[in-house]
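The values are calculated or read from the model by the stated rules, or taken from the named source; none is laboratory data. Predicted, not measured: the structure shown is a model, and the values here were computed from it. Cβ placement follows ideal geometry from the backbone for every residue including glycine, while neighbour counts extend to all protein chains displayed. All accessible areas refer to the heavy atoms of the entire protein, side chains included, with ligands and DNA or RNA removed. Shrake-Rupley method; radii C 1.70, N 1.55, O 1.52, S 1.80 Å.
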Amino acid sequence: MTNLGNKLKELRTAENLTQTALAEKLNISRVNYTRYETNASRPDYETLIAIADFYDISLDELFDRKIRQ
């Protein structure tokens, strides 16, 4: 599984967003968002859902999990 912080940074930079701009869209502080990207802390469940919703992806995709069929 990919490191969550790396995935968050990858998604954010693909959208050409700053940490500040994304944090504002998620209604969280930039300091907290930075901690998520640097793996200093983990987002809570509600924040994970907000991030997945923002990027229109599933939580499995956010965590780079492969769906078994």
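Out of GLU10, GLU24, GLU46, GLU61, one residue alone is part of a helix (DSSP H, G or I) and modelled with pLDDT under 95. It is GLU61. Scan region 48-55 and give yes if some residue there is touching a residue at least 12 places away in the same chain (Cβ under 8 Å) and of a type in the set (D, E, K, R), otherwise no. Checked region 48-55: no residue is touching a residue at least 12 places away in the same chain (Cβ under 8 Å) and of a type in the set (D, E, K, R). Which residue is least open to solvent (accessible area, probe 1.4 Å), if the candidates are limited to region 27-43 and must be β-branched (Val, Ile, Thr) and in a helix (DSSP H, G or I)? So, considering only residues that are β-branched (Val, Ile, Thr) and in a helix (DSSP H, G or I), the one least open to solvent (accessible area, probe 1.4 Å) is THR34.
Right, GLU46: among the acidic types (Asp, Glu), on the phi < 0 side of the Ramachandran plot and within 12 Å of the chain's Cα centre (by Cα) or not? Taking the combined requirement at face value, the residue satisfies it.
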